[in-house]
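Asks: Below is one structure. I have some questions about it.
The values are calculated or read from the model by the stated rules, or taken from the named source; none is laboratory data. Since the structure is predicted, the reported quantities are computational estimates derived from the model, not experimental observations. We place every Cβ from the backbone using ideal geometry, glycine too, and count neighbours over all the protein chains shown.
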Amino acid sequence: MSLDRRTFIKNTSLLLGSSLLPYSNLFASSSKKQLGVCLVALGNYSTTVLAPALQLTKHCRLTGIVTGTPSKIPIWQKKYNIPDKNVYSYNTMDHIANNPEIDILYIVLPTGLHAKYAIKAANTGKHVWCEKPMAKTEEECLSIIKACQKNKVKLSIGYRMQHEPNTQQIIKWATTKPYGDIKTVYAEIGYNVGNPAKSWRLDSELGGGTMYDLGVYSLNAARYTTGEEPISVIAEQMTTRPKIFTETDETTHFTLEFPSGAVAHGKTSVGHDMHRLRVDSDNGWYQLQPFSMYSGVQGETSDGKLLNTYIENQQAKQMDDDALSILNNTNVLVPGEEGMKDIRIVEAIYNSAKSNRKINLI
């Protein structure tokens, strides 16, 4: 099996069924058009997830592509009716600045290339959507933010879970605390990949590693579940297959401490199956299990409430929400600053695992 989280998530649970709820809470009295989205890189996630999701959106549509693989161009053009003038290479994507049919560039490259091409996208004057994780380093994240500010374009990071309604309920409870003060959070995501194929996710230079690829889900969940920023982290990394994981981590465990005294235990792995977000509070508990899959996110509480609101497609809702923020000139749900906070902690997690010591974050 390929070490491609999107492939094995898709194979286990990608659902494109009928919709029970609208993709967005805000509908279009102020929306006079659909925004044109150009996908930058046509790998698995663009091909099997984003492009199909863009056929379900109400406020944006697929109008362009950027690729370094010419053989993909006729396939995409035929399937999505993309004209020649909306097809670009990485060397010609600067010309998108002059294309009125493209409003947004969605960066779907390997993590280690996000900063280079997100900045290039911002310099076209188009809005920028960037897949998570935002970049490899805090410094790279900051460079993306500054480029978007300089060009006066919106920047949104592709944390689809923050757009998912059951997750949004968990986020609200961080403030309202219906079960009392939060004491412990368990945020775990992993897949048992028997024989990972060589890919960029095993390449540290390109931003590979389980913590970057999957672990940011656990890390981001710990932050939005508590509503706090951690003050320290301690982490360990391990592998049972050292001949395969020569540059990157196979499994990472980390513990975050928060100002309130709450503690979050995060785990991520491509050696073990796990998909749980659980919150233990003074007067009860609540959880989502699974909490991070493309469909089927659901949960329950200690007093019997069910967290089972259904949406047809998470990515469609994410992109519609982000398109509406552009159309209505409102704040995006997940700005670049949010992505940068995670990457700062990811760097600390790697430092902690390497040095075998607690890292203070304040």
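Asks: Among the numbered criteria (1) in contact with a strand residue (DSSP E or B) (Cβ under 9 Å, 6 or more places away or on another chain); (2) of a type outside the set (Lys, Arg); (3) over 29 Å from LEU219 (Cα atoms), which one does HIS127 miss?
Replies: Against the list (1) in contact with a strand residue (DSSP E or B) (Cβ under 9 Å, 6 or more places away or on another chain); (2) of a type outside the set (Lys, Arg); (3) over 29 Å from LEU219 (Cα atoms), HIS127 comes up short only on (3).
Asks: Which pairs turn up if I take residues in segment 84-99 that are assigned by TED's automatic domain parsing to the domain that holds GLY64 and surrounded by 14 or more Cβ atoms within 10 Å (Cβ to Cβ) and look for partners that are charged (D, E, K, R) and in a loop (DSSP other than H, G, I, E, B) with beta carbon separation below 8 Å, at least 6 apart in sequence or on another chain?
Replies: Short answer, once both residue conditions are applied: ASN86/GLU101; ILE96/LYS126.
Asks: Going by what's in this entry, would ALA187 be described as buried (at least 24 other Cβ atoms within 10 Å of the Cβ), out of contact with any Lys or Arg (no Cβ under 7 Å at 6 or more places or on another chain), more than 20 Å from HIS114 (Cβ to Cβ) and at pLDDT 80 or above?
Replies: Judged against the criteria, ALA187 is a match.
Asks: Here is a further query. If only one of THR309, THR239, THR246 is of a type in the set (S, T, N, Q) and buried (at least 16 other Cβ atoms within 10 Å of the Cβ), which one is it?
Replies: Answer to the check: THR239.
Asks: Also: Could you list, in sequence order, the residues of segment 328-340 that are surrounded by fewer than 19 Cβ atoms within 10 Å (Cβ to Cβ) and part of a helix (DSSP H, G or I)?
Replies: Matches in segment 328-340: GLU337 only.
Asks: Can PHE258 be described as more than 19 Å from the chain's Cα centre (by Cα) and among the hydrophobic types (A, V, I, L, M, F, W, C)?
Replies: yes
Asks: Here is a list: VAL128, VAL153. Which entry is modelled with pLDDT of 95 or more and surrounded by fewer than 22 Cβ atoms within 10 Å (Cβ to Cβ)?
Replies: Just a single option satisfies the conditions, and that option is VAL153.
Asks: Then there is this: Being touching a residue at least 24 places away in the same chain (Cβ under 8 Å) and either under 14 Å from TYR106 (Cβ atoms) or aliphatic (A, V, I, L, M) (or both) is the filter here; which residues of segment 60-75 pass it?
Replies: Once the filter is applied, which keeps residues that are touching a residue at least 24 places away in the same chain (Cβ under 8 Å) and either under 14 Å from TYR106 (Cβ atoms) or aliphatic (A, V, I, L, M) (or both), segment 60-75 yields CYS60, ARG61, LEU62, THR63, GLY64, ILE65, VAL66, THR67.
Asks: Would you check if LEU56 is modelled with pLDDT of 95 or more, surrounded by 13 or more Cβ atoms within 10 Å (Cβ to Cβ) and not small (Gly, Ala, Ser)?
Replies: The answer is yes for LEU56.
Asks: A follow-up question, please. Any chance segment 251-260 includes a residue that's among the aliphatic types (A, V, I, L, M) and either closer than 22 Å to ILE170 by Cβ or at pLDDT 95 or above (or both)?
Replies: Looking only at segment 251-260, we keep the residues that are among the aliphatic types (A, V, I, L, M), and these are 256.
Adding the requirement that they be either closer than 22 Å to ILE170 by Cβ or at pLDDT 95 or above (or both) leaves 256.
Within segment 251-260, one or more residues are among the aliphatic types (A, V, I, L, M) and either closer than 22 Å to ILE170 by Cβ or at pLDDT 95 or above (or both).
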